[in-house]
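J.: Below you will find the structure I want to go over with you.
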Amino acid sequence: MVLEMDFTTTDPSYGWEELQARLAGSFTAQTSGLVARDLSLSGPEGEFARIKSRGLSGADVVTGPLNSTIERVGDARYRMITDGTATIAASPAKRSADSLEMLIGGRFHEARASYFLNRAAIHSPEGEEVARLKGNLTGRRYEVVFDPETEGALLAAIFLLYHVVAHRNRAFRLG
């Protein structure tokens, strides 16, 4: 049974940072089917969001009154738009398929992914882990952990989840 978080009982100015605090640093993601397109994100109170993927071209992140869009900009660059503002920009680091340079909250972070092992992590400029995810062998379920004290960590974790799932699906279709 999937429960939906009740956004109506919260302050009308409820935003991503409040959701980040309520999730207390972790959530799970699940999809049906072998080639994931849409993901259901759940926290301790039940489902709080869905990622509706458009493949490598982007995705919509839908959660109650909060929405974000991930869009591809150029060959391998992406950005996440939240409330009309670019909140995350990402591009391959050092021309690597498994490493991203991410601009989050005005600070550069590095993300590394292993599509074969179905894992990824984001580190701050100081080397501290901001978010990490681990998926099962089939890529149908993910455990995501993020630092609830770091600004934008939840959105960064959601972006990284989308990125790993989309690129992993592409790799398996081509392979």
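J.: Just one of Asp98, Asp83 is modelled with pLDDT under 90 and closer than 16 Å to Trp16 by Cβ; which is it?
T.: Unique residue meeting the criteria: Asp83.
J.: Which of the residues spanning the stretch 141-160 are of a type in the set (Val, Ile, Thr) and not in a loop (DSSP other than H, G, I, E, B)?
T.: Of everything in the stretch 141-160, those that are of a type in the set (Val, Ile, Thr) and not in a loop (DSSP other than H, G, I, E, B) turn out to be Val144, Val145, Ile158.
J.: Only one of these is closer than 21 Å to Ser42 by Cβ and either exposed (fewer than 15 other Cβ atoms within 10 Å of the Cβ) or modelled with pLDDT of 95 or more (or both): Leu137, Leu174. Name it.
T.: Being closer than 21 Å to Ser42 by Cβ and either exposed (fewer than 15 other Cβ atoms within 10 Å of the Cβ) or modelled with pLDDT of 95 or more (or both) holds for just one of Leu137, Leu174, which is Leu137.
J.: Asn67 fails exactly one of the following numbered conditions: (1) at pLDDT below 95; (2) surrounded by 14 or more Cβ atoms within 10 Å (Cβ to Cβ); (3) in a strand (DSSP E or B). What is the number of that condition?
T.: (2)
J.: Restricting attention to the stretch 76-99, which residues are loosely packed, with under 11 Cβ neighbours inside 10 Å and either outside any strand (DSSP E or B) or in contact with a His (Cβ under 9 Å, 6 or more places away or on another chain) (or both)?
T.: Selection gives Asp83, Gly84, Lys94, Arg95.
J.: Find all pairs meeting these conditions: Cβ atoms under 6 angstrom apart; at least six residues apart or on different chains; first residue within the stretch 68-89 and among the small types (Gly, Ala, Ser); second residue surrounded by 13 or more Cβ atoms within 10 Å (Cβ to Cβ).
T.: Note: pairs meeting the criteria are Ser68/Val61; Ser68/Met80; Ser68/Thr82; Ala76/Pro92; Ala86/Arg79; Ala89/Arg79; Ala89/Leu103.
J.: In the stretch 20-54, what residues are on the phi > 0 side of the Ramachandran plot and within 14 Å of the chain's Cα centre (by Cα)?
T.: Gly25
J.: Condition (residue is part of a strand (DSSP E or B) and under 22 Å from Ser57 (Cβ atoms)) applied to the stretch 123-140: is it met by at least one residue?
T.: Yes, the stretch 123-140 contains a residue that is part of a strand (DSSP E or B) and under 22 Å from Ser57 (Cβ atoms).
J.: Would you check which residues across the stretch 90-119 are charged (D, E, K, R), closer than 19 Å to Lys134 by Cβ and out of contact with any strand residue (DSSP E or B) (no Cβ under 8 Å at 6 or more places or on another chain) and list them?
T.: none
J.: Within the stretch 110-132, can you find the residues that are closer than 22 Å to Leu23 by Cα and either acidic (Asp, Glu) or surrounded by 23 or more Cβ atoms within 10 Å (Cβ to Cβ) (or both)?
T.: Ala111, Ala120, Ile122, Glu128, Glu129, Val130, Ala131, listed by residue number.
The values are calculated or read from the model by the stated rules, or taken from the named source; none is laboratory data. Treat the numbers as computed from the prediction; the structure is a model and nothing was measured. Note that each Cβ is placed from the backbone with ideal geometry, even for glycine, and that neighbours are counted across all protein chains shown.
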